[in-house]
Amino acid sequence: MQNHEICYHCGENCEDELIKFDTKKFCCLGCKTVYEILNQNNLCNYYELESTPGISPPKDTNKKFEYLENTKVIDKLLDYQDDQTSIINLYLPQIHCSSCIWLLENLYKLNIHIKSSRVNFLKKELKISFNHNNLSLRKLVELLASIGYNPTINLDQLKANKKKLIDHSLIYKLGIAGFCFGNIMLISLPEYFGLDAIKESAFSQFFGYINMVLSLPIILYSSSGYLKSAYQAVIHKTINIDIPITLGILALFFRSIYEILSHTGSGYLDSLAALIFFMLIGRIFQQKTYDILSFERDYKSYFPIATTIVTADKIEKSIYVSELTIGDMILIRNNEIIPVDAILISGEANIDNSFVTGEANPIFKKNGDKIYAGGKQLGQAIQLQVIKKLSYSYLTQLWNDEAFTKADEDKFDGIMNKISKYFTIIILFIAIGSLAYWWKIDAKIAINSFTAVLIIACPCALALSAPFTFGNVLRILGKNKFYLKNASVIERLAKINTIVFDKTGTITQSSKNNVTYYGTPLTEEQKIQIASVLRQSSHPLSKLVFNYIDAKKNVEIDSFKELLGQGLVATINDIKIQLGSEKFIKNYIENLSTATRVHLKINESYLGYFQIENSYRTGLSSIIAELKSFFKINLISGDNNSELENLKSYFGVDAEFLFNKTPEDKLAYIKSLQQKGNVTLMIGDGLNDAGALKQSDVGISISEDVNTFSPACDAILDASVFDKLPQFILYCKSSINIIIASFIISFSYNIIGLYFAVTGLLSPVFAAILMPLSSITVVVFVTLTSNLLAQHKKL
Amino acid sequence: MSVLFILIIVSLIVASGFLIAFIWSVKSGQYEDGYTPSVRMLFDNENIVEDKEIKTER
């Protein structure tokens, strides 16, 4: 550990720079400053709780938060405000350890105007209440940024009703059902043991009445979801699983009430309570949610809230992006996102469009060029003139497509509903049949067996098997870093037959590129010189080549000039080094290859070029090979076709390749596949895939860091487990088989029960045993098999 | 035996007290963040830093 110096604050290696301060070592000035701030305020406990917990603060915080002075923005961001206090909830993606929690909850020591602060670790949120008369929101955010916690504030947070109330009704329903279920069971115990002394006495009636009272909240509140859903289905003339459930619930309830009031029996209220209690547990189990993930994000959560506008008299001020009008001049600084379509007026634009169009390398733009919204400026500040308003820009128009407006859930009919259609019809048939058969013999037995059929056929085990299987599968996949939006995604994933991949960022790694050098071999000295030149340039290609050369030393440069969009010229000890585009180095273009190359000339003699190729994710070839045997695989990309030959070796010749496609083209392509009857899975990563992800039957978004932005999708796949994708899909497919097997088990219980019901022999005790028994068997079966299957598939 | 009538009713009232407590706990947001409180309760009070500094000096 002592060989290399580790920053006391952030734990990074102090390779480039080493600052010693207060007997501690720091990797950069930023880290040192944070330490100083904390040290002065007696907050060094931060470093005691976990070693090197810090985050290196960003360097350019100066004007970044100017927009927080804007009262309109403030109003929309604050959760609460009175004369004295404001409360705000900030999203701090940097929160990662217990030291973070400690420091952020002790913010009041840094500034006395902060009243209190509370961290929600899983959501990475910080709720701060502060005195806004003495501490402006901007100052507060800058304070956080100065200690390394840079809040993410984007357009998404400005939505009118951002306070989404979490729906607790299911938990209330479960709590009340559990309470009533427990008490009814206790009171029904004497009945189970056949204690005649109690049966005869007034106790029996008293217990009956108490059970009745206890069952009211269950039937009126806890079961309301099932009753409503069944009612809706009847109104829309469809059949769903809730209809037989509701029939069972009502039959149980009214027959029990009748038996208790007429003193003919003790009723089945215990079974009723157990049934609803178990089914609610199933529902909650299926509702696996991931706090930090959002599957509904659109461009709004990627775009900034405000941008800098330059007024006619050259004053820079911050403005709300939706207030931008055509003709406004805006200023975009390094690493800022261009919020609207605009024309470049001045400055050297070097736009990273990888997220919007899928193009892998940044593009140089000249004055007067049109720049689309969503691109990120790399390099110095540029001035642009707005030509389209926010909601009409090239990228945001994608969200006007109908794929985004139609409801999501309706398009899929799950396996449960399909089976319950037949199930309901058969049950009603048997119930009416037994009613008709007994009617001639004895009306009382007829009614008894009719209700008994409805009770025993109540598909509680059936209704439990899918939620428990899906809930368990969701958890297992989540543990493997494959996060699904909800259970219906599993069913849809099990049905796909076509997979469409995006290229940039999906099968390639955006952070890593392969650089190869072709030409006269370079001497060690030349390498050092080239590296020293490249060091001066902030162009992304320069950085890639610099990393590739990996020179250990650095030499003084005598002169250096960067010609944007062309290349670099530098002299070192009278040696002239030129690096850049083919046209710049050779003055002509020899081959028309679309591959990205950086050419090299030393002292006017041409040496060769560095070729930059996308680097594919590890395991890509084996994944494609495995998936190819099950599915049809295609590729669609917004990038050019320079990698076509390379891709063919991965995907094989029978795959379809589409290049230079706009986001709308991608959406249309998925649509055309679906019209041919294919069930498609789209795998993408950027905003340019958002339309295709939404339109496809299942859209998976790949993300290097699941906390950062990913477009709206059905599932988020952590890039580190990309190689497990085939296993995930096949696991979902086999989980459907588990459900079918569990259906068979629950049907056999139903058939046994039905025999007793039709013959009129159903006793309350028998029902109270059979119904939970069948439910428990099914739950245990699906949980065990889905776990075993996961183990078998090495998940 | 007839005391059972009262006992059962009393026990139900006590039990519903717990039900109300449960509903209150959900409403007050105790189930929204299941992780942070577990860390927060382990933070010591202020004097810890000084203590540790004394230790390292020795």
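The values are calculated or read from the model by the stated rules, or taken from the named source; none is laboratory data. Just so it is clear, the structure is predicted and the values come from calculations on it, not from any experiment. Here the Cβ is made from the backbone with ideal geometry for all residues, glycine too, and neighbour counts use every protein chain on show. All accessible areas refer to the heavy atoms of the entire protein, side chains included, with ligands and DNA or RNA removed. Shrake-Rupley method; radii C 1.70, N 1.55, O 1.52, S 1.80 Å.
At a 1.4 Å probe, what is the % contribution of carbon and sulfur to the accessible area of the stretch A:527-640? Exposed carbon and sulfur together represent 48 percent of the surface. Between the Cα long axis of helix A:764-792 and the first principal axis of chain A there is an angle of about 30°, rounded to the nearest 10.
The residues of the stretch A:73-103 occluded by other protein chains by 40 Å² or more of accessible area, set against the chain on its own, are A:ILE101, A:TRP102; surface from heavy atoms, 1.4 Å probe. Per residue, the solvent-accessible area of the protein assembly as shown (1.4 Å probe, heavy atoms of protein chains only, all protein chains present) comes to 47 Å².
For A:PHE429 and A:LYS228, the FRET efficiency from 1/(1 + (r/R0)^6), where r spans their Cβ atoms and R0 equals 30 Å, is about 0.70. Under 17 Å from a point placed 7 Å out from the Cα of A:THR152 along the Cα-to-Cβ direction: which residues of the stretch A:667-685 have their backbone N that close? Residues passing the 17 Å test: A:685.
Specify the angular offset, from 0 to 90 degrees and rounded to the nearest 10, of the alpha carbon long axis of helix A:540-549 from the longest principal axis of the alpha carbons in chain A. The two axes meet at around 80 degrees.
The Cα-based radius of gyration and maximum Cα-Cα distance (Dmax) for chain A are 33.1, 116 Å. Please give the FRET efficiency for A:HIS168 paired with A:ILE235, using the beta carbon to beta carbon distance and R0 = 41 Å, rounded to the nearest 0.05. Here the calculated transfer efficiency is 0.90. Surface composition of the stretch A:1-57: carbon and sulfur make up 41 percent of the accessible area, probe 1.4 Å. For the protein assembly as shown, the mean residue ellipticity at 222 nm estimated from helices alone is -14000 deg cm²/dmol, where every DSSP H run of n ≥ 4 contributes -39500 (n - 2.57) and the total is divided by all residues, rounded to the nearest 500. Let me check I've understood the local charge: for A:GLY282, count other residues with C-beta under 15 angstrom from its C-beta, Lys and Arg +1, Asp and Glu -1. What total comes out? Charge balance in the 15 Å sphere: +3. Taking the C-alpha atoms only, the angle from helix A:524-535 to the longest principal axis of chain A is near 70 degrees. For the stretch B:1-18, a reduction of at least 40 Å² in accessible area between the chain on its own and the assembled protein chains (probe 1.4 Å) is found at B:PHE5, B:ILE8, B:LEU12. For A:PHE21 and A:LYS317, FRET efficiency with R0 = 41 Å and r from the beta-carbon atoms, rounded to 0.05? Efficiency computed from Cβ-Cβ geometry: 0.65. Note on B:SER16 and A:THR618: the model spin-label points, each 7 Å out from Cα along the C-beta direction, lie 6.2 nm apart.
Counting only other residues whose beta carbon sits under 13 Å from that of A:PHE468, what net charge do I get with K and R as +1, D and E as -1? Net of charged neighbours comes to +3. For the pair A:ASN660 and A:ALA381, how long in nm is the line joining their label points, each one 7 Å along Cα→Cβ? Placing both labels 7 Å along Cα→Cβ, they lie 3.7 nm apart. Fully extending the segment from A:GLU524 to A:ASN111 would add 143.3 nm, taking 0.36 nm per residue of separation and subtracting the current Cα-Cα distance.
With a simple spin-label model that places each label point 7 Å from the Cα along the Cα-to-Cβ direction, the separation between A:GLN205 and A:ILE363 comes to 8.7 nm.
Here the accessible area is traced with a 1.4 Å probe on the protein chains. For the stretch A:66-158, carbon and sulfur cover 48 percent of it.
On association of chains B and A, roughly 2600 Å² of accessible area becomes buried (total for both chains; probe 1.4 Å).
Kindly identify residues of the stretch A:206-246 having a loss of at least 50 Å² in accessible area between the isolated chain and the assembly of all protein chains, probe radius 1.4 Å. In the stretch A:206-246, residues shielded by partner chains: A:PHE206.
Sorting the segments A:682-694, A:322-334, A:643-655 by their residues' average number of neighbouring beta-carbon atoms within 10 angstrom, most packed first, yields A:682-694, A:322-334, A:643-655.
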